[in-house]
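A.B. asks: Please find one structure pasted underneath; my questions will follow.
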Amino acid sequence: MSVTKELTNVEAQAIAAKKAAKVLSQLSTSEKNTVLHVLADALVTKTEVILEANKLDLDAGRAKGYEVAYMDRLALSKERVLEFAEGLRQVATLEDPTGKILSSWTLDNGLLVEKVTVPLGVIGMIYEARPNVTVDATGLALKSGNAIVLKGGSSALSSNQAIVHVMHEALNHTLVPKEAVQFIASTNREATQQLFTMKQHIDVLIPRGGASLINAVVNQATVPVLETGVGNCHLYIDVEADVDKALNILINAKTDRPAVCNALETAIIHKDWLTKNKSHLVEIFNKHGIIIHGDKTAQTYIPNAVPATEEDWANEYLSLDLAVKTVNNVEEAIDHIEVYGTKHSEAIVTENKETAKKFMSLVDASAIYHNASTRFTDGGALGFGAEIGISTQKLHARGPMGLPALTTVKFMMSGNGQIR
């Protein structure tokens, strides 16, 4: 499991994955579920091996001066390993998305037409410092009958190699060929470029990480891309917002896990609400160590707020920094999100149902919340067991992508000698 900068034969790995996908597509739901339980048990058994590898990545990250948010995404613990093993077990309980007859009809000539869900085939997964993605993506891929080619970031290379090694050993005792789970261990950029352009072997690419990674995949890939997006998430606190609800939602969305993509980055606050409740806001900002980047009005009411720049409105901080924008009405809040939002997760706190309806219908995002935290934009939180990413595009899949997003359809026709 040593790190290598040599260019691996990515095409050979993709071909092997494609062959394994044929085997996967023939397995029953119960057979696939058994595989997921075997993988979960193996990960738990080999937790210490995984944590030892993760320590190598963490030590290297500290030496390179990685930011706190980055290190949080990279770090594993016994609890986190147990969590993603449990995620595999949850996926095993979910309904199989393949083999479903979505619709059927019989033509006048007696030809039976059926529209059936089938696996995509081979999924290429490109992601950064999130070792849990290695497990989540593999579980969702196998349950939906897909093989997967994984390309994690170099900063998590030791962790990912250890996890994949454990899964490969476990797969040797199942009906799934270990070739169904491929990991590109090379840190050479050319290996990634190979993955981008193997349309004949890879059916879809899913990038998961920062804006630069996602843009590189979208702009350079010839393989179809399921685009995930960065999370410049907003919370609009309306003039008719309940104070306790607003404060609790704001703090949860900002501080529960600041380094994740569904964390709050900008609070848009109605000017009159801010005037009435400034003391409550200042108290919770100070209590939780939140650093405010505010417009002129926000600076007036919030001591120690630094002036917000154009960059602040567009920034995904992934930290305890928070941009604060004041507005006169919901329309101004919607306009601000239209300019700076990333179509990820947006929320409104208000007791006015008409205001909430206007916000939820006009804001363009994959997930919209009324009186709830943006932190629920997550496959596990929404009952998917796990997610392979959060799509911010509009074609094929949008929002947290669970099992159904990893399928496509096939038209199957049965006749009795009909010709045209």
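The values are calculated or read from the model by the stated rules, or taken from the named source; none is laboratory data. Only a predicted model underlies this, so the values are computations on that prediction, with no experimental measurement involved. Positions of Cβ are generated from backbone atoms using ideal geometry, with glycine treated the same way; all protein chains shown enter the neighbour counts. Heads up: the accessible areas ignore ligands, DNA and RNA and are worked out on the full protein's heavy atoms, side chains in. Shrake-Rupley method; radii C 1.70, N 1.55, O 1.52, S 1.80 Å.
A.B. asks: What single numbered condition from (1) open to solvent by 20 Å² or more (accessible area, probe 1.4 Å); (2) in contact with a Gly (Cβ under 9 Å, 6 or more places away or on another chain) fails to hold for ALA40?
C.D. replies: Status for ALA40: all satisfied but (1).
A.B. asks: Please go through the stretch 36-87 and pick out each residue that is over 24 Å from ASP378 (Cβ atoms) and either under 21 Å from the mean Cα position of the chain (by Cα) or β-branched (Val, Ile, Thr) (or both).
C.D. replies: Of everything in the stretch 36-87, those that are over 24 Å from ASP378 (Cβ atoms) and either under 21 Å from the mean Cα position of the chain (by Cα) or β-branched (Val, Ile, Thr) (or both) turn out to be VAL38, THR45, VAL49.
A.B. asks: Another question, then. Restricting to the stretch 57-95, and then to whatever is open to solvent by 40 Å² or more (accessible area, probe 1.4 Å) and among the aromatic types (Phe, Trp, Tyr), can you tell me which residue is farthest from LEU39 (Cα to Cα)?
C.D. replies: TYR66
A.B. asks: Looking at ALA12, ALA42, ALA16, ALA85, can you tell me which residue is among the hydrophobic types (A, V, I, L, M, F, W, C) and without any contact (Cβ under 8 Å) to a residue 12 or more places away in the chain? First the steps, then the outcome.
C.D. replies: Values: ALA42 fails: without any contact (Cβ under 8 Å) to a residue 12 or more places away in the chain; ALA16 fails: without any contact (Cβ under 8 Å) to a residue 12 or more places away in the chain; ALA85 fails: without any contact (Cβ under 8 Å) to a residue 12 or more places away in the chain.
Sole residue among the options that is among the hydrophobic types (A, V, I, L, M, F, W, C) and without any contact (Cβ under 8 Å) to a residue 12 or more places away in the chain: ALA12.
A.B. asks: Kindly indicate the residue of the stretch 305-332 that is within 19 Å of TYR236 (Cβ to Cβ), touching a helix residue (DSSP H, G or I) at 6+ places or on another chain (Cβ under 7 Å) and hydrophobic (A, V, I, L, M, F, W, C) and also most open to solvent (accessible area, probe 1.4 Å) among those meeting that condition.
C.D. replies: Filtering the stretch 305-332 for residues within 19 Å of TYR236 (Cβ to Cβ) gives 305, 308, 312-317, 321-332.
After this cut, where a residue has to be touching a helix residue (DSSP H, G or I) at 6+ places or on another chain (Cβ under 7 Å) as well, the list is 305, 313-314, 322-328, 330.
If we keep only those that are hydrophobic (A, V, I, L, M, F, W, C) as well, we get 305, 313-314, 322-324, 327, 330.
Values: ALA305: 19, TRP313: 23, ALA314: 61, LEU322: 0, ALA323: 0, VAL324: 0, VAL327: 4, VAL330: 14 Å².
Ranking the qualifying residues of the stretch 305-332, first place goes to ALA314.
A.B. asks: In the stretch 242-255, which residues are touching a strand residue (DSSP E or B) at 6+ places or on another chain (Cβ under 7 Å) and under 18 Å from ALA323 (Cβ atoms)?
C.D. replies: The answer is ALA246, ILE249, LEU250, ALA253, LYS254.
A.B. asks: I'd like to check something: does the stretch 184-197 contain any residue that is without any contact (Cβ under 8 Å) to a residue 40 or more places away in the chain, of a type in the set (Phe, Trp, Tyr) and open to solvent by less than 20 Å² (accessible area, probe 1.4 Å)?
C.D. replies: Here is the first cut: in the stretch 184-197, the ones without any contact (Cβ under 8 Å) to a residue 40 or more places away in the chain are 189, 193, 196-197.
Next cut, of a type in the set (Phe, Trp, Tyr) only: 196.
Subset that is open to solvent by less than 20 Å² (accessible area, probe 1.4 Å): 196.
Yes.
A.B. asks: Hey, can you tell me all the residues within the stretch 369-397 that are free of Cβ contacts under 8 Å to residues at least 40 places away in the same chain, surrounded by fewer than 19 Cβ atoms within 10 Å (Cβ to Cβ) and either in contact with a strand residue (DSSP E or B) (Cβ under 7 Å, 6 or more places away or on another chain) or not in a loop (DSSP other than H, G, I, E, B) (or both)?
C.D. replies: HIS370, LEU382
A.B. asks: Moving on to the next point. Just checking, which of ALA298, ALA347 is touching a residue at least 60 places away in the same chain (Cβ under 8 Å), of a type in the set (A, V, I, L, M, F, W, C) and surrounded by 19 or more Cβ atoms within 10 Å (Cβ to Cβ)?
C.D. replies: Numbers: ALA298 fails: touching a residue at least 60 places away in the same chain (Cβ under 8 Å).
After ruling out the rest, the residue left standing is ALA347.
A.B. asks: Working only within the stretch 315-368, note down all residues that are under 19 Å from ALA298 (Cβ atoms), polar (S, T, N, Q) and modelled with pLDDT under 95.
C.D. replies: ASN315, SER319 - these are the residues of the stretch 315-368 that are under 19 Å from ALA298 (Cβ atoms), polar (S, T, N, Q) and modelled with pLDDT under 95.
A.B. asks: Collect the residues in the stretch 55-88 that are touching a helix residue (DSSP H, G or I) at 6+ places or on another chain (Cβ under 6 Å) and over 20 Å from ARG257 (Cα atoms), keeping them in residue-number order.
C.D. replies: Selection gives LEU56, ASP57, ALA85, LEU88.
A.B. asks: So, one more: Return the only residue of ALA42, ALA20 being within 30 Å of GLN200 (Cβ to Cβ) and at pLDDT 95 or above.
C.D. replies: Details: ALA42 fails: within 30 Å of GLN200 (Cβ to Cβ).
None of the others qualify; the one that does is ALA20.
A.B. asks: Examine the stretch 274-292 for a residue that is within 22 Å of ALA365 (Cβ to Cβ), open to solvent by less than 70 Å² (accessible area, probe 1.4 Å) and touching a helix residue (DSSP H, G or I) at 6+ places or on another chain (Cβ under 8 Å), and state whether such a residue exists. Outline the logic, then answer.
C.D. replies: Keep residues of the stretch 274-292 that are within 22 Å of ALA365 (Cβ to Cβ), which gives none.
No, the stretch 274-292 contains no residue that is within 22 Å of ALA365 (Cβ to Cβ), open to solvent by less than 70 Å² (accessible area, probe 1.4 Å) and touching a helix residue (DSSP H, G or I) at 6+ places or on another chain (Cβ under 8 Å).
A.B. asks: Just one of the numbered conditions (1) farther than 24 Å from VAL225 by Cβ; (2) part of a helix (DSSP H, G or I) is not true of ALA405; which one?
C.D. replies: Tallying (1) farther than 24 Å from VAL225 by Cβ; (2) part of a helix (DSSP H, G or I), ALA405 fails exactly one: (1).
A.B. asks: Every residue in the stretch 143-163 that is of a type in the set (A, V, I, L, M, F, W, C) and either open to solvent by 10 Å² or more (accessible area, probe 1.4 Å) or more than 20 Å from the chain's Cα centre (by Cα) (or both), please.
C.D. replies: Initially, the stretch 143-163 is screened for residues of a type in the set (A, V, I, L, M, F, W, C), giving 147-150, 156-157, 162-163.
ALA162 - this is the single residue of the stretch 143-163 that is of a type in the set (A, V, I, L, M, F, W, C) and either open to solvent by 10 Å² or more (accessible area, probe 1.4 Å) or more than 20 Å from the chain's Cα centre (by Cα) (or both).
A.B. asks: For residues that are β-branched (Val, Ile, Thr) and loosely packed, with under 14 Cβ neighbours inside 10 Å, scanning just the stretch 96-114, find the one that is farthest from PHE411 (Cα to Cα). Spell out how you get there, then give the answer.
C.D. replies: The initial filter retains those residues of the stretch 96-114 that are β-branched (Val, Ile, Thr), namely 98, 101, 106, 113.
Next, only the ones that are loosely packed, with under 14 Cβ neighbours inside 10 Å stay: 101, 106.
Details: ILE101: 10, THR106: 13 Å.
Among those that are β-branched (Val, Ile, Thr) and loosely packed, with under 14 Cβ neighbours inside 10 Å, it is THR106.
A.B. asks: Quick one: what pairs do we get from the stretch 91-117, first residue at pLDDT 95 or above, second surrounded by fewer than 18 Cβ atoms within 10 Å (Cβ to Cβ) and assigned to a loop (DSSP other than H, G, I, E, B), C-beta under 6 Å, 6+ apart or different chains?
C.D. replies: ASN109/GLN418; LEU111/GLY415; LEU111/GLN418; THR117/LYS100
A.B. asks: If a residue must be within 20 Å of ARG208 (Cα to Cα) and at pLDDT 95 or above, how many such residues does the stretch 233-262 contain? Quick ask: steps written out before the conclusion?
C.D. replies: Of the residues in the stretch 233-262, the ones within 20 Å of ARG208 (Cα to Cα) are 233, 257-262.
Going one step further and asking which of them are at pLDDT 95 or above, we end up with 233.
Of the residues in that region, 1 qualify.
A.B. asks: Here are the criteria: (1) at positive phi; (2) part of a strand (DSSP E or B); (3) not hydrophobic (A, V, I, L, M, F, W, C). Tell me which single one GLY145 does not satisfy.
C.D. replies: Every condition holds for GLY145 apart from (2).
A.B. asks: Within the stretch 202-249, work out how many residues are over 15 Å from the mean Cα position of the chain (by Cα) and assigned to a helix (DSSP H, G or I).
C.D. replies: Of all residues in the stretch 202-249, those over 15 Å from the mean Cα position of the chain (by Cα) come to 202-204, 212, 215-224, 234-249.
Narrowing the set further to residues that are assigned to a helix (DSSP H, G or I) leaves 212, 215-220, 243-249.
Result for the stretch 202-249: 14.
A.B. asks: Related question: Which one of GLU31, GLU11 is at pLDDT below 95 and out of contact with any strand residue (DSSP E or B) (no Cβ under 7 Å at 6 or more places or on another chain)?
C.D. replies: Numbers: GLU31 fails: at pLDDT below 95.
That would be GLU11, the only listed residue that is at pLDDT below 95 and out of contact with any strand residue (DSSP E or B) (no Cβ under 7 Å at 6 or more places or on another chain).
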